[in-house]
Amino acid sequence: MAIDAVREIALKALYDINEKGAYSNITLDKYLEGHELREVDRAFITELVYGTLKWKLAIDWIIGQFSSIKLKKISPWILNTLRLGVYQILYTDRIPDSAACNESVALAKRYGHEASGRYVNAVLRNVSRSKGNINYPDKQKELEKYLSVKYSHPEWMVGEWLKRFGGEFTESLLDSNNTVPDFTIRVNTLKVSKRELAKRLEALGMETAEGKFAEEAMIIKKPVSISNLDAFKEGLFQIQDESSMLVAKVLDPKPGELAIDVCSAPGGKSTHIAQLMNNIGTVLARDIHEHKIRLIEDAASRLGITIIKAELFDAAEVDDNFLEKADRVLVDAPCTGLGIIRRKPDIKWARNMGDKKEITCLQGKILNASAKYVKPGGVLVYSTCTIEKEENEDIVRAFIEKEKDFTFEDISGLLPIGLKKSSATFGYIQLYPNLDGIDGFFICRMRRRG
């Protein structure tokens, strides 16, 4: 039986992610760029990889019901082949079960042996026949386990959210995390108007729509290979979610100012800051990883931005050269990333209960160091792409209690009408994918007394 090359690429990517701990986005890019593929095949591989990752826990639960071999004893190549097959059978509606089964059997024979193919065939055909009779934990008796399996999230994560949010909100959040996020871009108004860019993309057969909140935001329906578009190469837009765009809006930089983005890579927020400054002034964009400095420089160059100065620097350290020099300082802190699970489903499996303690310690160090750069009367913004209170509200409240010359500042006037949350008057907002339809982000604005 001939091997379907597209599914084989998806299998190899999944193996690297699940067995070697590789990052999903980097791994997928590596495999997609390493092969000559049609656009439809690129899209299919992406769907297979992210879909299988997204539903991995639920898929493993289902495999366990139909497999005569315990999961931990199944070869990793065969287990990932099974996962791919179950995903296609249960979580897609346009792939015939026979195709999903036959292609998985062919992969199992190549990455195992003849008996592996017979085993995969038996499991997948049983799954296919039993679609309407999958057994899940009892929701009334084991709510935490039921939600964990049904929505494919780690049980510890579900348990924490149940304590904090309650059952209804948690189930809504879990469901939202399994949806496909809008593909959103930020129009580079330094080079083009939104209307002009929409016309250009629509001329290529692409469908565009207004963003939900940010005026620079545009949603592209069924995007093609964006990085290959001339409009992208010419720097007419930047790929960026609206939550991320709102960070620079809350920072509200002005032309001619000095703004410091202490954790800048890959440069989305730094380039937005420069755009809001009309490319006048200075944006100091820093990161701790040397290879990421090039990402910032490349983004700025492509977008035609000349005021960004990218530098290698550890944000947890204090640079005496910039004490009380900056008009605006952005701390987009390292975090657990639990607000962007829709976009990077492998985050669910990479995190554990102990991560927050280490991360919150680093967040506090970075915020304390960065605050020293803010001049009297200047603005400090702290943001993360997580929904965890310990990494967000608790961090900024502890900072304010310690640093008496900083105060929270009302941000309600800086937010779109649709995001008038009550907490904005106290200086911060927490965004949730299930409530707001954009990535889960925390954004807080503070001002240093003059």
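What follows is calculated from the coordinates using simple rules that are stated; it is not laboratory data. Everything numeric here is computed off the predicted structure, so don't read it as measured data. Cβ placement follows ideal geometry from the backbone for every residue including glycine, while neighbour counts extend to all protein chains displayed.
Quick notes on this structure:
- Packing, taken as the mean count of other beta carbons within 10 Å per residue, orders the peptides 61-69, 19-27 from highest to lowest as 61-69, 19-27.
- Charged-residue dipole, Cβ positions (Lys, Arg, Asp, Glu), the range 183-239 about Cα centre, Debye nearest 20: 40
- Neighbour net charge for residue 181 - beta-carbon separation under 13 angstrom, K R +1, D E -1: +1
- In this rough spin-label picture, where each label sits 7 Å from Cα along the Cβ direction, the residue 203-residue 414 distance is 3.7 nm.
- Coil-residue trypsin sites (Lys or Arg not before Pro) of the range 23-75, DSSP, other Cβ within 10 Å capped at 11: 38, 70
- Dividing the convex hull volume of the alpha-carbon atoms in the range 242-448 by its residue count gives 119 Å³ per residue.
- Separation of the residue 20 and residue 361 label points, Cα + 7 Å toward Cβ, nm: 3.1
- Working note: Cα atoms of the chain, range along each principal axis, descending, whole Å: 73, 52, 38.
- Lys/Arg +1, Asp/Glu -1 at C-beta; the chain dipole; positive extreme among 263, 305, 450: 263
- Counting all C-alpha pairs of the range 95-192, share separated by more than 17 Å (%): 68
- Nearest-0.05 FRET efficiency for residue 189 and residue 422, computed from C-beta distance (R0 22 Å): 0.10
- Take each peptide in 6-14, 365-373, count the other Cβ atoms within 10 Å of every residue, and average; sorted highest first, the result is 6-14, 365-373.
- Set of aspartates and glutamates with alpha-carbon distance to residue 221 below 16 Å, sequence-local pairs under 8 removed: 39, 47, 182, 202, 207, 210, 241, 242
- Net charge dipole size for the range 248-379 [Lys, Arg +1 and Asp, Glu -1 on Cβ; Debye, nearest 20]: 580
- Cut-off 14 Å between beta-carbons: net charge of the residues surrounding residue 42, Lys and Arg +1, Asp and Glu -1: -2
- Added length on full extension, which subtracts the Cα-Cα distance from 0.36 nm per residue, residue 394 to residue 280: 37.5 nm
- If the segment from residue 404 to residue 139 were pulled out straight at 0.36 nm per residue, it would be longer than the present Cα-Cα gap by 90.6 nm.
- Rounded to the nearest 20, the Cβ-based charge dipole of the chain about its Cα centre (Lys and Arg +1, Asp and Glu -1) stands at 800 debye.
- Helix-only mean residue ellipticity at 222 nm for the chain, each DSSP H run of n ≥ 4 adding -39500 (n - 2.57), per residue, nearest 500: -14500 deg cm²/dmol
- Spin-label model distance (nm) - residue 156 vs residue 39, 7 Å beyond Cα toward Cβ: 4.3
- For the range 210-227, 3J(HN,Hα) per residue [Karplus equation, 6.51 cos²θ - 1.76 cosθ + 1.60, θ = phi - 60°, Hz, x = Gly/Pro]: 5, x, 6, 10, 6, 5, 7, 7, 9, 9, 10, 7, 6, x, 8, 5, 4, 5
- Stretchable slack from residue 72 to residue 180, in nm (0.36 nm times residue separation minus alpha-carbon distance): 35.9 nm
- Listed peptides 104-110, 444-450, 316-322 by packing density, highest first (mean Cβ within 10 Å): 104-110, 444-450, 316-322
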